[in-house]
């Protein structure tokens with residue numbers, strides 16, 4: 001029975017190793033190394049260490065410039081691994097503990113194995129790596145636009161706050177800004193047109209997948225017989241390797257439950273050993289000279305900034321509300337004194353409703369724009385069958401039928417959502433700009449010797 | 001000191017715009033690369049047949065003596081056919097011809113040996129002429145490079161000949177078996193119409209090496225008209241693509257199923273951690289903080305806008321306006337309160353972690369959105385019905401991104417450039433040029449410029 005089980009375990013671990021290696025984690029250790037790590041053997045440490053380090057490099061990026069991944073600096077590598085593990089919530093003593101190890105040898109292979117298990121189980125890292133591979137290998141897939149890339153890190157920029165004293169000698173900076181902004185607008189235009197062209201070609205390639213399609217003879221131009229087959233060759237190779245990856249993933253999914261059961265047993269054995277060694281028995285090491293990162297308190301600062309902003313906002317809102325309520329009170333008093341000559345001082349019910357709807361619509365929009373769009377993960381386009389065999393599944397805004405909605409997306413639904421989003425965003429942007437217009441016109445009117453004429457609205 | 005600060009903050013704004021430009025460029029080059037790949041794939045779905053012609057040339061040299069008689073026979077036959085063809089072309093219209101040709105095509109398409117015969121015929125000068133005729137006569141629907149529809153019509157004239165000479169058919173197979181098998185494979189993969197198209201190009205290409213023993217050279221010079229056949233890789237590619245689609249759907253359905261053993265392992269492992277550590281991980285906390293900061297900024301700007309609007313109509317004649325601003329502020333306050341509670345929670349969680357780490361670890365960031373096991377990061381399959389829809393969807397996606405970026409930049413610019421004109425009693429206002437630039441950036445998105453009339457002092 002144990003023999004059978006160990007064979008099964010080996011099979012399971014091999015399936016995981018195979019999946020990880022097709023997902024470009026280089027030089028995976030063997031299943032045997034995993035099993036040795038379970039028993040905390042020293043000879044498995046190196047393997048486990050390099051596996052963990054490589055996997056974490058795929059999963060995390062360093063925000064500070066402490067360590068270049070290519071360096072052979074083991075101490076920095078240890079720091080990176082600890083930081084990464086801590087950031088994904090791993091709270092083992094050697095990561096967050098009061099006596100962090102200063103050298104990689106101090107960490108046992110079983111601890112490394114458990115950390116590895118944590119990384120895989122606590123998030124969906126494997127899915128992410130799979131998605132990355134899909135977007136890389138499939139020419140037709142529409143990858144998610146670089147996250148956070150097209151949108152500059154906002155809090156950093158604005159959080160410095162407005163300067164107190166501005167010198168007017170900042171013309172060059174303003175000019176540079178104008179120039180850059182113009183460049184950005186131009187860049188967007190060319191990006192949009194490139195996207196249109198790409199969609200066109202994607203559609204053509206997709207339509208030639210179905211066997212009934214006659215190859216569209218729209219391409220004019222050169223026809224060199226030497227290179228004609230190589231592009232299709234390469235594409236075929238890519239798709240074949242992608243299919244290999246998908247098959248490895250599906251194979252892993254079959255074996256997954258067993259792997260986690262085995263990992264459970266690793267926890268058991270680790271607890272069993274730990275009970276033998278009392279932490280109090282450890283010699284009280286002095287805080288070893290571990291490498292520290294100078295940028296470690298970045299988040300602390302971010303928290304403080306956020307606090308400050310929120311507090312300010314809250315106080316201003318409150319102040320405004322009090323001001324407003326006193327104003328309305330006084331005006332009401334006045335109108336009642338003057339016999340209500342301002343006419344209908346009460347709003348009708350329908351007017352109220354209208355205003356409320358408008359306001360709530362706007363505020364909902366604010367909430368809406370912070371959530372991710374339905375297309376934020378990218379997608380794999382495919383032509384809809386003209387005669388669907390099943391009734392098309394509708395994409396609901398709620399959660400019912402998550403299984404259905406997770407994998408199928410109708411272009412029309414996605415379009416609707418995106419259009420709604422665009423409308424909200426446009427409204428928001430327009431409101432901000434209008435605000436600026438009014439403000440600047442007022443400022444300009446206070447300045448002598450200058451008259452500001454705003455451009456004509458078209 | 002103060003000016004240094006403002007320079008710094010202006011610089012970071014400039015850097016932000018710089019970064020945005022760089023990202024756009026990177027995205028564009030990625031798209032360009034993708035377009036190039038798609039073009040090449042589309043192009044390589046068809047291969048030129050000159051290879052087959054070359055192959056044939058070498059074989060022809062060996063077996064020519066045997067076939068010479070048949071060659072001559074067929075040449076005559078084709079000459080006749082061409083004569084008939086050219087006369088009939090003058091009289092009939094295109095459509096009746098097409099129909100007739102199609103019928104012929106279907107007829108001959110069914111018969112294998114006849115196809116072989118057509119392939120095996122090496123035509124000499126007569127067919128050279130016929131090519132010329134085809135070239136001139138067949139301008140039809142497509143531009144110069146594409147002769148496929150032309151060849152359908154013209155090529156089929158060869159077929160009636162076939163009917164009359166079944167005896168010649170047996171000579172066919174031996175000679176061009178290698179190329180033939182390749183062509184046959186493609187031929188079988190497509191429908192009858194296309195197969196006839198494939199036949200005719202091979203006919204015209206093969207003729208030349210037979211007549212002159214040079215092979216490739218003449219083939220190249222005469223067959224300057226593109227003869228295309230489907231790449232042999234195409235069916236394999238199609239099969240792989242359909243397989244991919246199937247596998248992906250399977251992956252997506254599998255992925256949504258929960259794995260209880262996994263959650264059990266996670267929980268058990270979490271139990272071994274020190275108890276004061278919260279269950280949220282720092283990466284999630286930082287991400288949530290970013291979201292909250294952004295929301296706070298949005299609310300602040302919305303509030304400022306509201307204040308502006310109030311100042312505008314502070315005469316208060318419109319009760320609706322008052323009510324609206326009242327409701328708006330109320331809503332804003334409520335949302336701020338929500339944000340504050342969330343932020344407090346995140347702060348508490350962060351502090352529990354921070355106590356342990358005490359700032360000695362590097363700040364890291366998840367490379368993608370792989371955090372929550374609940375949410376999926378696998379791209380779904382998008383089914384669209386027309387090219388226009390796909391195009392619209394993808395552009396719409398980009399436009400939404402662009403708008404988000406524009407809003408962020410607008411907020412950043414407002415905050416940092418507000419210093420230019422904030423009320424400083426006694427100080428000089430910004431110069432005309434600066435004001436103009438500011439107005440266009442902040443109020444018009446850099447698209448339009450205001451006009452400034454300066455009242456210069458006249459001495």
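Observations on the structure shown:
- Pairs linking a residue in the range B:18-32 that is within 7 Å of another protein chain (Cβ to nearest Cβ) to a residue that is at pLDDT below 90 and surrounded by 15 or more Cβ atoms within 10 Å (Cβ to Cβ), with Cβ atoms under 6 Å and 6 or more positions apart or on different chains, are B:19/A:152; B:20/A:152; B:23/A:149; B:23/A:150.
- Restricting attention to the range A:298-307, the residues being out of contact with any helix residue (DSSP H, G or I) (no Cβ under 8 Å at 6 or more places or on another chain) and surrounded by 12 or more Cβ atoms within 10 Å (Cβ to Cβ) number 2.
- Entry remark, the range A:25-38: residues being touching a residue at least 24 places away in the same chain (Cβ under 8 Å), outside any helix (DSSP H, G or I) and surrounded by 14 or more Cβ atoms within 10 Å (Cβ to Cβ) number 1 in total.
- Subset tally (residues that are within 7 Å of chain A (Cβ to nearest Cβ) and at pLDDT 90 or above) for the range B:267-288: 2
- Yes/no for residue A:74 being touching a helix residue (DSSP H, G or I) at 6+ places or on another chain (Cβ under 8 Å) and either away from every other protein chain (no Cβ under 11 Å) or more than 27 Å from residue A:262 (Cα to Cα) (or both): yes
- Residues in the range A:39-67 that are assigned to a helix (DSSP H, G or I) and more than 31 Å from the chain's Cα centre (by Cα) were compared, and the one that is surrounded by the most Cβ atoms within 10 Å (Cβ to Cβ) is A:44.
- Cβ-Cβ contacts under 6 Å between residues 6 or more apart (or on different chains), taken from a first residue in the range A:183-207 that is at positive phi to a second residue that is in a helix (DSSP H, G or I), are absent.
- Qualifying residue in the range A:432-443 (condition: modelled with pLDDT of 85 or more, within 27 Å of the chain's Cα centre (by Cα) and either farther than 17 Å from residue A:373 by Cα or at the interface with chain B (Cβ under 7 Å from one of its Cβ atoms) (or both)): yes
- Checked against (1) at pLDDT 90 or above; (2) more than 7 Å from chain A (Cβ to nearest Cβ), residue B:399 meets all criteria but (2).
- Among (1) crowded, with 18+ Cβ neighbours inside 10 Å; (2) more than 7 Å from every other protein chain (Cβ to nearest Cβ); (3) at pLDDT 90 or above; (4) under 20 Å from the mean Cα position of the chain (by Cα), the one test that residue A:134 misses: (2)
- Residue check for residue A:79: within 13 Å of another protein chain (Cβ to nearest Cβ), in contact with a helix residue (DSSP H, G or I) (Cβ under 8 Å, 6 or more places away or on another chain) and under 19 Å from residue B:362 (Cβ atoms): no
- Among the residues of the range A:413-428, those identified as at the interface with chain B (Cβ under 7 Å from one of its Cβ atoms) and surrounded by fewer than 18 Cβ atoms within 10 Å (Cβ to Cβ) are A:419, A:422, A:426.
- Residue that is modelled with the highest pLDDT [pool: residues in the range B:373-395 that are more than 7 Å from every other protein chain (Cβ to nearest Cβ) and either in a loop (DSSP other than H, G, I, E, B) or crowded, with 22+ Cβ neighbours inside 10 Å (or both)]: B:386
- Residues of the range B:326-364 satisfying the condition of being crowded, with 20+ Cβ neighbours inside 10 Å, more than 7 Å from chain A (Cβ to nearest Cβ) and modelled with pLDDT under 90: B:353
- When the criteria are applied in full, residue B:456 fails the requirement of being facing another protein chain (nearest Cβ under 7 Å), modelled with pLDDT under 90, out of contact with any strand residue (DSSP E or B) (no Cβ under 6 Å at 6 or more places or on another chain) and over 27 Å from residue A:434 (Cβ atoms).
- Residue match in the range A:96-114 (condition: touching a residue at least 60 places away in the same chain (Cβ under 8 Å) and at the interface with chain B (Cβ under 10 Å from one of its Cβ atoms)): yes
- In the range B:410-437, residue modelled with the highest pLDDT [restricted to those that are more than 7 Å from chain A (Cβ to nearest Cβ) and buried (at least 21 other Cβ atoms within 10 Å of the Cβ)]: B:413
- Flag for residue B:336 being within 19 Å of residue A:299 (Cα to Cα) and in a helix (DSSP H, G or I): no
- Between B:307, B:252, B:234, B:289, the distinction of being in contact (Cβ under 8 Å) with a residue 40 or more places away in the chain, out of contact with any strand residue (DSSP E or B) (no Cβ under 6 Å at 6 or more places or on another chain), under 29 Å from residue B:332 (Cα atoms) and in a helix (DSSP H, G or I) belongs to B:289 only.
- If the condition is being over 24 Å from residue A:75 (Cβ atoms) and at pLDDT below 70, then the range A:280-308 contributes A:280, A:281.
- Verdict on residue B:319 being at the interface with chain A (Cβ under 7 Å from one of its Cβ atoms) and at pLDDT 90 or above: no
The values are calculated or read from the model by the stated rules, or taken from the named source; none is laboratory data. These figures come from a predicted structure and were not determined experimentally. Please note: Cβ atoms are built from the backbone with ideal geometry, for glycine as well, and neighbour counts cover all protein chains shown.
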